[in-house]
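Structure first, commentary second.
Throughout, read-outs are computed from the coordinates displayed, never taken from laboratory work. All values reported here derive from a predicted model rather than from experimental measurement. Every residue, glycine as well, gets a Cβ built from its backbone with ideal geometry; the counts of neighbours run over all protein chains shown.
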Amino acid sequence: MKTKRKIFPIKIAASLFLALSLIITAYAADTLVPVGHTAGIRLHLSGAVIVDVSELPGNPAMKAGLSAGDVIKKIDGREINSNEEVRDAVKNSGGKTLSLEYEREGKLCKTEITPIKGEDGEYMLGVVIRSSIAGIGTVTYYDPESKTYGALGHAITESDTNVIVPVGDGALMKSAVSDVKKGEKGCPGELCGEYDMSVSFADIEKNSDCGIFGHVSDGDAFRGMKEYPTAKKSEVRKGKAKILANIGGDEVKEYEVEITNIYLDGEKTKNMLIHVTDKELLEKTGGIVRGMSGSPIIQNGKLIGAVTHVLVNDPTRGYGIFIENMLSEQKAG
């Protein structure tokens, strides 16, 4: 992400120092637009994630050493980008042994696998796979200068295996919140959204521990929104703050929260403990619910971070990530 920090060199000549020039550098604070609006998320994976491996005797996947969370990348040298491509390769194998490349915990591995016939007479590998994900989340910030954004504040993971899914291609769609399932102790709530899968305003280029990132193709989506300076983690304080959230229709509102703990050396995405104190938000959602991940946190007139997680046993509390961590992750490429 291009920084907005501006450098102004000023040269001062001084004859007493034999025309030695001093360069004074001034910095303007980085600014971003805190968004707080939900977006529909469509993500096609780079490969096919194995969600489950059958434990039936003779299962080809078990014999080949595959397990849930592995990402199938190639079959017989052909790149895999969808469930259909896996099914076609297996169906056309005629039962012959296939070479298979897969990713496990970031490492590329190879194996061979021999499909067997299932009860329906079709060849199979004995796995359940997934190659795309759709849902709703919240956009944290937009940078008008670089036309980039950051959202969620945490990774998109495969729900059954908790593996961070590799990005093939993806997009964000404009959305509106149609319903809210209120959170209760032991049962997290969620936002339900409506969005048009065929109309996008941004792409998804990176899915990481600290969120999803990409470029915005339709800047009008954020027209008229106020820019705020960003805060370093050392500037974040315990005490009152606000979050921007979209919990109904197309409206983004401010809600009061309190930062009760700060973890400077904690996990990447759990840097602040947040307590929701806003009566309206508590009444409508019970606190923090799924879909609010990415909601920007404002303190003392600065963008300091984003909501990331809810405490399952207390939905009025949750975690937040420092904006500094999100920006560092985005700049890492």
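Numbers for the structure displayed
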{"read-out": "At R0 = 51 Å, FRET efficiency that the Cβ-Cβ distance of residue 185 and residue 145 yields, to 0.05", "value": "0.70"}
{"read-out": "Phi to ³J(HN,Hα) by Karplus 6.51 cos²θ - 1.76 cosθ + 1.60 over the range 183-192, Hz, x for Gly, Pro", "value": "x, 9, 4, x, 9, x, x, 7, 8, 10"}
{"read-out": "Rh by Kirkwood over Cα pairs, then Stokes-Einstein D for the range 55-125 at 1.306 mPa s and 10 °C, µm²/s", "value": "128"}
{"read-out": "Subset of 147/268; 107/232; 110/174 violating a 32 Å alpha-carbon distance limit", "value": "107/232; 110/174"}
{"read-out": "Nonlocal amide H pairs with residue 116, under 5 Å, H built at 1.01 Å", "value": "124"}
{"read-out": "Cα centroid separation - the range 294-328 against the range 98-177, whole Å", "value": "25"}
{"read-out": "Mean projection area, nm², convex hull over Cα of the chain", "value": "22.7"}
{"read-out": "Surrounding net charge for residue 192, when Lys and Arg each add one and Asp and Glu each subtract one, Cβ distance under 12 Å", "value": "0"}
{"read-out": "Relative contact order of the chain, defined on C-alpha pairs under 8 angstrom at six or more residues apart (%)", "value": "19"}
{"read-out": "Restricting the range 83-140 to trypsin sites (Lys or Arg not before Pro) in coil, as DSSP defines it, with at most 15 other Cβ within 10 Å", "value": "96"}
